[in-house]
């Protein structure tokens, strides 16, 4: 238990012998765990403008300050600790690294960080309050327009990622099992590995890249790989499973999965794959089901529903 009551081991960040606050404030302290193909926060940070600025101006970071308040003791760049744990002019130190996070970006389909706890009847800090705190950190250096635009872009990206790839992929993955087109043994069929890579590796990279200003991880290391995995790996494997099921006499199961696959591939987001006309580029003037205005209205309604009710 940390001194502020949160769960954790102090020595995970404050290494033995020195027990240094300055050392724990450096991004390298987090990179012992947060790196690699499935959660490359270290690499994403290093690619981002924040990481580049930190490396260029580390000597200005005042890491040994006893209070270390962003915008007061330093303003060259944030580190991981700045955004997730350290003091600001308005917020105290926290050792709960999820205290300012609004999304769970680790799950197959991302969800608001308080969603599961609320369903269990638990009283927890709402995602909207966590988002307000994170925005407060950002505003130590940035204006409202930049801060609001970033989080609107992040939310739109996460919702689009969910709707376009992970929700349909999960439906197909479950349907294969329910209809006898794959067995219950885990990871003994290629489609299981591809589904895992889709969300656990490529999907996480894309979402974390969007959260932390790393365009290459959003696109080439993220969505590009996600799209390839979905269209070029999973879809043919599902089509092959359908053919094998039909040949073995499981016509009913094959028909159900084929119907679901066709519904997905004929939908607005995927119809291009079968040669149909794709939707327009997403502009504020779009009126398509997945247009920008629809996403924006959806996010606004979600925020209003989560906001504390006033009498």
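The values are calculated or read from the model by the stated rules, or taken from the named source; none is laboratory data. Because the structure is predicted, anything quoted here is derived from the model rather than measured. Neighbour counts run over all protein chains shown; Cβ positions are idealised from the backbone, glycine included.
Identify the single condition in (1) crowded, with 16+ Cβ neighbours inside 10 Å; (2) modelled with pLDDT under 95; (3) outside any loop (DSSP other than H, G, I, E, B) that residue 97 does not satisfy, given that it satisfies every other one.
Unmet for residue 97, out of (1) crowded, with 16+ Cβ neighbours inside 10 Å; (2) modelled with pLDDT under 95; (3) outside any loop (DSSP other than H, G, I, E, B): (3).
Can you tell me which of (1) more than 18 Å from the chain's Cα centre (by Cα); (2) within 26 Å of residue 70 (Cβ to Cβ) is the one residue 173 doesn't meet?
Among (1) more than 18 Å from the chain's Cα centre (by Cα); (2) within 26 Å of residue 70 (Cβ to Cβ), residue 173 violates only (2).
Results for (1) modelled with pLDDT under 95; (2) over 27 Å from residue 54 (Cβ atoms); (3) part of a helix (DSSP H, G or I), shown as yes or no for each residue.
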| site | (1), (2), (3) |
| --- | --- |
| 142 | no, no, no |
| 167 | no, yes, yes |
| 192 | no, yes, yes |
| 196 | no, yes, yes |
| 208 | no, no, yes |
| 227 | no, yes, yes |
| 235 | no, yes, yes |
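So if I check each of 122, 55, 67, which one is within 17 Å of residue 212 (Cβ to Cβ) and either assigned to a helix (DSSP H, G or I) or without any contact (Cβ under 8 Å) to a residue 40 or more places away in the chain (or both)? Reasoning before the result, please.
On the way: 122 fails: within 17 Å of residue 212 (Cβ to Cβ); 67 fails: within 17 Å of residue 212 (Cβ to Cβ).
Residue meeting the stated conditions: 55.
Which one of the conditions (1) surrounded by 16 or more Cβ atoms within 10 Å (Cβ to Cβ); (2) within 30 Å of residue 162 (Cβ to Cβ); (3) free of Cβ contacts under 8 Å to residues at least 40 places away in the same chain does residue 87 fail to meet, given that it meets all the rest?
All conditions are met except number (2).
Please verify whether the stretch 55-66 includes one or more residues that are surrounded by fewer than 19 Cβ atoms within 10 Å (Cβ to Cβ) and either under 22 Å from the mean Cα position of the chain (by Cα) or within 26 Å of residue 222 (Cα to Cα) (or both).
For the stretch 55-66, residues surrounded by fewer than 19 Cβ atoms within 10 Å (Cβ to Cβ) and either under 22 Å from the mean Cα position of the chain (by Cα) or within 26 Å of residue 222 (Cα to Cα) (or both): present.
Among the residues of the stretch 12-31, which ones are buried (at least 16 other Cβ atoms within 10 Å of the Cβ) and assigned to a helix (DSSP H, G or I)?
Scanning the stretch 12-31 gives 21, 24, 25, 27, 29, 30.
Tell me which residues, restricted to the stretch 200-224, are closer than 28 Å to residue 177 by Cβ and either in contact with a strand residue (DSSP E or B) (Cβ under 7 Å, 6 or more places away or on another chain) or touching a residue at least 24 places away in the same chain (Cβ under 8 Å) (or both).
Scanning the stretch 200-224 gives 200, 201, 202, 203, 204, 205, 206, 207, 223.
Tell me which residues, restricted to the stretch 32-52, are surrounded by fewer than 15 Cβ atoms within 10 Å (Cβ to Cβ), assigned to a helix (DSSP H, G or I) and in contact (Cβ under 8 Å) with a residue 40 or more places away in the chain. Before you say what the answer is, go through the steps one by one.
Looking only at the stretch 32-52, we keep the residues that are surrounded by fewer than 15 Cβ atoms within 10 Å (Cβ to Cβ), and these are 32-33, 36-37, 49, 52.
After this cut, where a residue has to be assigned to a helix (DSSP H, G or I) as well, the list is 49, 52.
Across the stretch 32-52, the qualifying residue is only 49.
Collect the residues in the stretch 84-94 that are touching a strand residue (DSSP E or B) at 6+ places or on another chain (Cβ under 9 Å) and either closer than 19 Å to residue 27 by Cβ or not in a loop (DSSP other than H, G, I, E, B) (or both), keeping them in residue-number order. Show your work before the answer.
Within the stretch 84-94, the subset touching a strand residue (DSSP E or B) at 6+ places or on another chain (Cβ under 9 Å) is 86-89.
Scanning the stretch 84-94 gives 86, 87, 88.
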